[in-house]
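Notes follow the structure.
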Amino acid sequence: MTIRFFSRLILSLVAVVLTSGTDALAQGRFSPVVQVGDKTVTRYELDQRTRFLSLLGAPGDPRDLAREQLINEAVQISAAEKAGLEISADEVRGGMEEFASRANLTAEQLVTSLGQAGVDAETFRDFIGAGVAWRNYVRESFGENARDQVPGDLVARTLAQTGTEGGLRVLISEILLPATTPETTQASRLRAGQLSSLGSEEAFAAAAREVSVAPSAPVGGALNWVALDTLPDELRGIVSQMTPGQISRPVNLENSIGVFLLRDVERVAAGTPETLLIDYALFIAGGERAAAEAVAAEIDVCDDLFGVAQTLPEERLIREEVSVAALPADIRSELARLDENETSTALTRGGQSTVLMLCARKPALESTVDLAIIGNRLLNARLGTMAADHLADLRANTIVVDLVN
């Protein structure tokens, strides 16, 4: 009896010790290491992000970078939450697909590869989700202001001065189904699943005419060329993985569910100054520079110069549209400083003053340069600057405490 009692007691104590050790290990693994405002970063999150960044080949010390990223993301997510912004599962899934596509993988393939290397799928989802939340917050907070700072003439001027990288643009067709109430959302989701299995472009166009609520319905859902960069995040990752003729799975959008057919893909040529046509006017005012300045003060657009010159010899007004490379050097240099409908009186011809006016900049007819791609990159660059400045302010006003040192 006594022997059995002590045997059971010893076994119980051993079990308690083993359980306590396991609990302590688990608690240590998930213990907080950094306090960021009202949020915490756990040791597990830090370990996982460190491994993830190591696999990506991130420069510098991956653990220091992981810690910095997780602190920033906690600040960013807090800002998005305070603004009342939420992200959908489709937005995160689209971000995962877009990220994976950089390595020519699907999101599922990348998750599998990461898992084999010891990185949980949740770590990848959290990384993408934080980025989506911050991007939505930045666009909601600063998008309109940033767009105001990227006018159309700045896009053309950028191409004229520096050129731009090429990019992809796509021809897609769309079917949008209503998702404004729980009932319509459920019905549209079922129908969208059926539309995803359509077998041809003709069948897709017929379905678009019949059931789509998009403005493109009368033309079978067909849209014109659009820069891939300008598509919504939740759609861009999906389209980037498609091949011409393929129909997408249903995509949740704002107040609608979409199904998309990829008709064609084109790699847009890189833009250089030589691919731009310049429409300009040069009026020989005669006399001193004051005469040219008087004319410049009276005109608003290039066509106004025809009225000024109508009774003068034809050679007093030059109006032409040529490539940048074909411009005389002095005119090219002066036009590079101007926006559309701006003038310069700095040049002379035969000792006489002139009025030089930039009428327009546009891609040459034989060029596939897409100004929408340039504009979107300028907008993203401006948003990136605003976001970095705002994050620095948020970070400065957030209490960050290292809990392990």
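Bear in mind that the values in this text are calculations on the coordinates, not laboratory data. From a predicted model like this one, the values you see are computed outputs, not experimental measurements. When we count neighbours, we look across all protein chains shown, and the Cβ atoms used for this are built from the backbone with ideal geometry, even at glycine.
What to note about this one:
- Cβ-Cβ FRET estimate between Leu168 and Glu321, R0 fixed at 45 Å, reported to 0.05: 0.95
- Packing rank of 68-80, 187-199, where each peptide gets the mean count of other beta carbons within 10 Å, highest leading: 68-80, 187-199
- Take every Cα pair under 8 Å whose residues are at least 6 apart in sequence, average their separation, divide by the length of segment 273-363, and the relative contact order is 49 percent.
- Loop sites in segment 163-222: GluC sites (Glu not before Pro), DSSP, at most 12 other Cβ within 10 Å: Glu165
- Leading residue at positive end of dipole, segment 167-268 (Cβ point charges), from Ser188, Gly199, Gly221: Gly199
- Net charge dipole size for segment 273-363 [Lys, Arg +1 and Asp, Glu -1 on Cβ; Debye, nearest 20]: 240
- Loop sites in segment 88-140: trypsin sites (Lys or Arg not before Pro), DSSP, at most 14 other Cβ within 10 Å: Arg102
- Segment 242-350: trypsin sites (Lys or Arg not before Pro) in DSSP coil with no more than 14 other Cβ atoms inside 10 Å: Arg337
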